[in-house]
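In what follows, a structure is listed as C-alpha cells, so that the remarks can point back to it.
The values are calculated or read from the model by the stated rules, or taken from the named source; none is laboratory data. For clarity, every value in this text was computed on a predicted model and none was experimentally measured. Virtual Cβ from ideal backbone geometry, glycine too; neighbours counted across all protein chains shown.
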Amino acid sequence: MRTSQPERDAGSYRDPSGFVFRYDNGIYRAVADDHWPIVEKLLNSPLWQNLETSGWVISTEIVPTADPVHRRLRDHHPEYHHFLRHRPLERISYPYEWSFSMLADAALLHLRLQRKLLEQNFSLKDASAFNVQFSNAQPIFVDVLSLARPTRMDIWPAYGQFCRMFLYPLLAYLTRRLTPRQLFLGSLDGLTAKEAYYIIGPLRSLAPTYFLDVFLQYLIEKSITPDKVRSLRKRVAVSRGDARAQILNLARLERKVLRLKKKWNPSSSWQSYQKKCTYSDDGRIAKADFVQRVLAAEKPQTVLDLGCNTGHYSRIAAGTGASVLAVDTDHDCIEVLYREASQEKLPILPLLVDIANPTPGVGFRNQERRAFLERATSECVLALALLHHLLVAARLSLASIRDLLADLTKKMLIIEYVDRKDPMFQTLLALRDDLYGDLTRDLFIATFSERFEVIEEYPIPDTQRCLYHLRKR
C-alpha cells in the first residue's frame with residue numbers, strides 16, 4: 001500500500017535514537033543526530049555487509065541526501081537529518097505467536113550477533129525478542145538502533161533483558177509447558193527473575209542448570225534498591241574491562257540455549273492426524289491435486305493456511321511460488337513445521353494462532369503490537385478441514401465464518417465443506433446432536449455466495465466432503 005504521508009509505526013516510540021515509519025510503499029527509519037555517527041560507521045563497515053549476506057540482519061541502506069526521497073522525508077520530519085531504508089518483510093510476527101524453537105533460535109541469533117559485534121567494538125544495547133522477525137523461517141534482527149558502542153567490554157548490559165525475554169520463557173516452557181503465547185501476552189517484557197524462580201521452583205532453581213541465571217538473579221533482584229542501582233551505574237561506567245569475560249558468558253548462554261532446544265521434543269499427537277482423518281488414499285491424493293492445480297493456475301503471491309496442522313498444504317502452496325503464513329492452535333504442529341521449514345528454508349512462516357480467538361492488538365493503546373487479523377490478509381486463504389471445527393468447537397455461525405474468511409482474503413478462497421454426516425464432524429458433535437441439523441451443501445453455497453463467486457466445486461472421493469474454489473466478490 002503506497003502512502004503519500006509518512007505513517008509512523010505505533011510500536012516504534014521507546015528509543016530516543018529514532019523511529020520506524022512507512023512511506024511510499026517502503027519501510028524507513030529516522031535516526032537522531034547524536035546516534036548517526038555510530039550507525040553510519042556500522043553500515044559502511046565490512047562487518048555489516050557480512051551480517052547482511054549471512055541473513056542475520058535486515059537489509060538496510062542509507063538514504064543519500066541527494067535522493068529526492070530524502071528531501072521529502074526532511075519536509076515531513078524537519079527535526080531529523082538522517083534516514084535509513086529497510087527491506088520490507090512479507091509478514092510480521094511477535095514472540096507470543098512463536099513456537100519453542102522459534103524463540104530459541106531468536107535467542108541464539110542475539111547471542112551470536114553480540115559476539116560478532118564485539119569483535120568490531122560494537123554491542124547490542126538491549127535484547128528484546130521484539131527486535132527479531134522471521135523470513136523464510138529464519139530469524140532476522142531488525143532493530144538497527146539497538147546496535148551501539150559498548151559501555152563496557154567485560155559485561156553485557158542486556159544480559160538481564162535477555163534472561164527475561166528468552167531464557168526464562170524457554171525454561172518455563174520446559175518445566176511447566178507454559179507457551180510463549182501464555183507468557184508474553186501477559187507481559188510484553190517477558191518474565192522477571194522472581195517469576196522464573198517460582199515457576200521453576202525454589203528447590204529446582206538450586207540445580208546447576210538454573211543456579212547462576214535464575215537463583216542468583218532472583219537474589220540480586222530481591223535485594224536491589226535505588227541507591228544500589230545508582231552505585232552500580234557509577235561502577236559500571238568506570239572501566240571498560242576486557243571482552244574475554246563477556247565472550248565466555250555469551251558462549252555459556254549459547255550452549256545452554258542449545259541444550260534446552262535439544263531437550264524439547266514435540267509429542268506424537270500431531271503424527272496421528274493423517275491416520276485419524278477420514279480420507280482414503282484416493283481422496284487424500286485428489287484433495288492435494290485439487291489444491292495444487294488451483295494454486296498453480298491462480299498463482300497467488302501470498303497464502304494464508306488456516307488450521308495448517310502438519311503443513312502439507314502449506315508446502316504445496318510454497319511449491320507454487322507463494323509466501324505462506326501457516327497458523328494452527330496446536331503448538332507441536334507449529335513446532336514441527338517450523339523445524340522443517342527452517343531446515344529447508346521454505347517461504348513458510350508457521351505461527352501459533354487460534355483463528356477463532358486471534359491475537360489481539362496489545363501494548364500501549366492496544367496499538368504497539370498489531371492484531372493478527374490486521375497482519376494476516378493474503379491473496380488466497382486455505383480453509384481445509386476447518387469448517388466443522390469453527391462451527392462446533394468455536395460455535396461460530398456459517399455467516400460469521402464466511403465474513404471472517406472474506407475479510408482475510410484479497411482475491412480467492414479454497415475451502416473444504418464438511419457435511420454433518422462426516423465421521424469427524426460427528427465426533428466433534430458428541431452429545432450435541434441438536435446442533436446444525438439444517439446444515440447442507442446448498443445452505444453452505446447460498447451463504448458463501450453472498451461474498452464469493454463459486455468458480456469450481458470438487459467432491460472428494462470416498463468422503464462426505466467437497467472442495468470449493470471461490471473468488472471474492
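Would you say L89 is surrounded by fewer than 19 Cβ atoms within 10 Å (Cβ to Cβ), under 16 Å from the mean Cα position of the chain (by Cα) and farther than 22 Å from V327 by Cα? The answer is no for L89.
When S128 is tested against (1) of a type in the set (G, A, S); (2) closer than 20 Å to V39 by Cα; (3) in contact (Cβ under 8 Å) with a residue 40 or more places away in the chain, just one condition goes unmet, and that condition is (3).
Considering (1) surrounded by 16 or more Cβ atoms within 10 Å (Cβ to Cβ); (2) assigned to a loop (DSSP other than H, G, I, E, B), the lone condition that F444 does not fulfil carries the number (2). For segment 378-398, the criterion of being polar (S, T, N, Q), touching a residue at least 24 places away in the same chain (Cβ under 8 Å) and over 30 Å from S93 (Cβ atoms) is satisfied by no residue at all. Within segment 340-355, the residues that satisfy the criterion of being buried (at least 18 other Cβ atoms within 10 Å of the Cβ) and not in a strand (DSSP E or B) are A341, S342, L346, P347, V353, I355. Suppose the filter is farther than 25 Å from I334 by Cα and modelled with pLDDT of 95 or more; does E7 pass it? No: the conditions fail for E7. The set of residues in segment 455-472 being over 30 Å from the mean Cα position of the chain (by Cα) and either closer than 17 Å to Q292 by Cβ or surrounded by fewer than 21 Cβ atoms within 10 Å (Cβ to Cβ) (or both) consists of I455, E456, E457, Y458, P459, I460, P461, D462, Q464, C466. Of everything in segment 127-138 that is out of contact with any strand residue (DSSP E or B) (no Cβ under 9 Å at 6 or more places or on another chain) and surrounded by 19 or more Cβ atoms within 10 Å (Cβ to Cβ), the residue that is nearest to W264 (Cα to Cα) is A129.
Here L408 meets each of (1) touching a Phe, Trp or Tyr at 6+ places or on another chain (Cβ under 7 Å); (2) in contact (Cβ under 8 Å) with a residue 24 or more places away in the chain; (3) not β-branched (V, I, T) with one exception, condition (1). Taking the numbered list (1) in contact (Cβ under 8 Å) with a residue 60 or more places away in the chain; (2) assigned to a helix (DSSP H, G or I) in turn, Y168 passes all entries but (1).
Yes/no per residue for (1) in the same structural domain as I414 (by TED's automatic domain parsing); (2) modelled with pLDDT of 95 or more; (3) exposed (fewer than 12 other Cβ atoms within 10 Å of the Cβ); (4) not in a helix (DSSP H, G or I):
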residue	(1), (2), (3), (4)
T278	yes, no, no, yes
G283	yes, no, no, no
D289	yes, yes, no, no
R293	yes, yes, no, no
C308	yes, yes, no, yes
R315	yes, yes, no, no
A318	yes, yes, no, no
G321	yes, yes, no, yes
